[in-house]
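Before any comments, here is the structure.
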């Protein structure tokens, strides 16, 4: 079933220390589902909607800064009661919901994290392709 809504609640970032040039910096971005609840929407066909609250963190090692994004995703499930029960019992979700939610979080939150990292002068959380000049054949 599809993601039908996405909203941000907070975006924060901080720079903690400046490191010497030449040190390797590791960047790790992690989406996390914090809670899942039933969401009542007064529209026809919207009776199995769940509200997925999330935290998306980008951390840097060594600790030079961090970026945290929180928000909610509305997801139309096939069986909202079963999803909520599984979450409450095991803190897990089925694979389709996990893939839909995680891919939405990566797509939306990484875009925000890239902009914030640029403003904070932190390394980008994703690598972008680089265009390089064409190399001439060495035999010529």
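Read the figures in this text as sums done on the coordinates, not as results from a lab. Quantities reported herein were computed from a predicted structural model and do not represent experimental measurements. As a convention, Cβ positions derive from the backbone with ideal geometry for all residues, glycine included, and neighbour counts pool all protein chains shown.
Quickly work out the residue 114-to-residue 17 label distance, labels modelled 7 Å from Cα along the C-beta direction, and quote it in nm with one decimal.
According to this spin-label approximation, the distance is 3.0 nm.
Once you keep just the Cα pairs under 8 angstrom separated by 6 or more residues, what percentage relative contact order results for the stretch 1-55?
This gives 28 percent for the stretch 1-55.
Rank by packing, highest mean first: peptides 21-32, 109-120, 47-58, with packing defined as the count of other Cβ atoms within 10 Å averaged across residues.
47-58, 109-120, 21-32
Can you work out the base-10 log of I(q)/I(0) for the stretch 80-121 at q = 0.18, 0.19, 0.21 1/Å, using the Debye formula on its C-alpha atoms alone?
With no solvent term, the Cα-only Debye profile gives -0.62, -0.64, -0.69.
One-quarter of the Cα convex hull surface for the chain, in nm²?
Convex hull of Cα atoms, orientation-averaged projection: 13.1 nm².
What angle do you read, to the nearest 10 degrees and between 0 and 90, between the alpha-carbon axis of helix 95-120 and the longest principal axis of the chain?
Approximately 40 degrees, to the nearest 10.
By how many degrees, 0 to 90 and rounded to 10, does the Cα axis of helix 80-90 deviate from the longest principal axis of the chain?
Tilt of helix 80-90: around 70 degrees.
With labels modelled as points extended 7 Å from the Cα through the Cβ direction, what inter-label distance (nm, one decimal) is found for residue 98 paired with residue 126?
Simple spin-label model gives 2.1 nm for this pair.
Before anything else, pin down the relative contact order of the stretch 3-120: Cα pairs under 8 Å, at least 6 apart, normalised by residue count, whole percent.
31 percent
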